[in-house]
Ligand code: PMP
């Protein structure tokens, strides 16, 4: 096993060295060692990729479709994305030049930030948020400006954004909105987006809209996109990981005006050359013929949400009602205090239930925990039973 020369270890990229690794994954890994623990930590569907999508990939491999794809993506996939966006959001993106295939939304975020950021540019990030954003922004040379939305039930209001833009966010280049949100499950209404859009225009921001959970919205709530209001400054990022249980396939897309898309496609091609052929063909199949799949997934997640929300509220956890994605972000009952890391560790060891400390999601997350309900109903019921006993035992002590 080689050991790096001492003289070289001093020379590794300093900027990257300073960035913290994903705390969610590290925490999840740590508690995995606890025997019998039910892990509700990672944002990964427990369902499997639908058969017709897998079949499309297998057939494509059998056809020897195994050469470099065009750098923006294969025609079949780009057209499927374009049609999908037209049907779901009534927005129009030309498959030629306004859409780019990416290696998941993770790479879409990297490509987008690299395309727009100059060193030292600020990016507005409403928090709590999927913490990986911070690392990606910093890698691209940007400065994340965290905006704590906890006072407003985890919705960034136009007034709050305006205040930030006049103070710590002065001169920022972009805002990233996650809608529906990981970790809070909150969903923006059309009116809230319209109000935000006005401020976004007033301060000349790019709107980077991470819509990876768009298909997973519950009750009467509906998905709207900033792209319907301010398409001229919106960059849509989305993918198939969550709605089609395709996290391991690594497939997503970016849709944006042609002028910025030129730069995005350039960065994407330097980074990955092109996305895997058969994955794009499978994803096209999903987008074209997969509505029933995500409708089914949505119904499953919605019934699980009710189990988890009711079970936690009964035990004194409080939350702004989640409306989408597959997370609840719950305030720890008062008697446990504010230390969410200590709480999550104790819960993992004593109750054998793994949840993620809220402070890993940035400002406003302290005192909260995130539970992913992308887990079987059986697991969720057992987890709630264990949490109930844990809370009861602590009350008696
Ligand atoms: N954005 C958000 C808000 C997420 O929660 C995740 C996954 N946890 C991603 C992006 C990454 O998705 P992908 O698998 O497409 O890279």
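The values are calculated or read from the model by the stated rules, or taken from the named source; none is laboratory data. Given the structure is predicted, the values throughout are model-derived calculations rather than measurements. Here the Cβ is made from the backbone with ideal geometry for all residues, glycine too, and neighbour counts use every protein chain on show.
Scan the range 4-16 and tell me whether some residue there is touching a helix residue (DSSP H, G or I) at 6+ places or on another chain (Cβ under 7 Å) and within 16 Å of the ligand (Cβ to nearest atom). No.
Within the range 77-112, the set of residues being part of a helix (DSSP H, G or I), away from the ligand (no atom under 16 Å from the Cβ) and surrounded by fewer than 21 Cβ atoms within 10 Å (Cβ to Cβ) comprises 79, 83, 86, 87, 88, 89. Within the option set 220, 202, being more than 30 Å from residue 366 (Cβ to Cβ) and modelled with pLDDT under 95 holds for one residue only, 220. Once the range 196-223 is narrowed to residues that are touching a residue at least 60 places away in the same chain (Cβ under 8 Å), more than 16 Å from the ligand (Cβ to nearest atom) and more than 27 Å from residue 166 (Cα to Cα), the residue that is surrounded by the most Cβ atoms within 10 Å (Cβ to Cβ) is 218.
Residues that are at pLDDT 95 or above and surrounded by 13 or more Cβ atoms within 10 Å (Cβ to Cβ) were ranked within the range 42-57; the one that is farthest from residue 31 (Cα to Cα) is 56.
Regarding the range 352-362, can at least one residue be identified that is more than 21 Å from the chain's Cα centre (by Cα) and assigned to a helix (DSSP H, G or I)?
The initial filter retains those residues of the range 352-362 that are more than 21 Å from the chain's Cα centre (by Cα), namely 352-353.
Still in the list and also assigned to a helix (DSSP H, G or I): none.
Among the residues of the range 352-362, not one is more than 21 Å from the chain's Cα centre (by Cα) and assigned to a helix (DSSP H, G or I), which makes the answer no.
Being over 21 Å from residue 155 (Cβ atoms) and crowded, with 17+ Cβ neighbours inside 10 Å: is that true of residue 290 here? Considered against the rule, which asks whether it is over 21 Å from residue 155 (Cβ atoms) and crowded, with 17+ Cβ neighbours inside 10 Å, residue 290 comes out as yes. Confirm whether residue 310 is closer than 30 Å to residue 240 by Cβ and free of Cβ contacts under 8 Å to residues at least 12 places away in the same chain. Judged against the criteria, residue 310 is not a match. Within the range 229-242, being in contact with a helix residue (DSSP H, G or I) (Cβ under 6 Å, 6 or more places away or on another chain) and outside any strand (DSSP E or B) holds for 229, 230, 240, 241. Of the residues making up the range 6-65, those that are part of a loop (DSSP other than H, G, I, E, B) and more than 30 Å from residue 368 (Cβ to Cβ) are 10, 11, 12, 13, 48, 49, 50, 63, 64, 65. Number of residues in the range 66-76 that are in contact with a helix residue (DSSP H, G or I) (Cβ under 8 Å, 6 or more places away or on another chain) and in a loop (DSSP other than H, G, I, E, B) equals 7.
For every residue, the table says whether it meets (1) in a helix (DSSP H, G or I); (2) within 29 Å of residue 39 (Cβ to Cβ).
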residue	(1), (2)
248	yes, yes
260	yes, no
288	yes, no
295	yes, yes
307	yes, yes
311	yes, yes
329	no, yes
342	yes, yes
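If only residues of the range 175-195 that are touching a helix residue (DSSP H, G or I) at 6+ places or on another chain (Cβ under 7 Å) and farther than 24 Å from residue 251 by Cα are counted, the one that is nearest to the ligand (Cβ to nearest atom) is 193.
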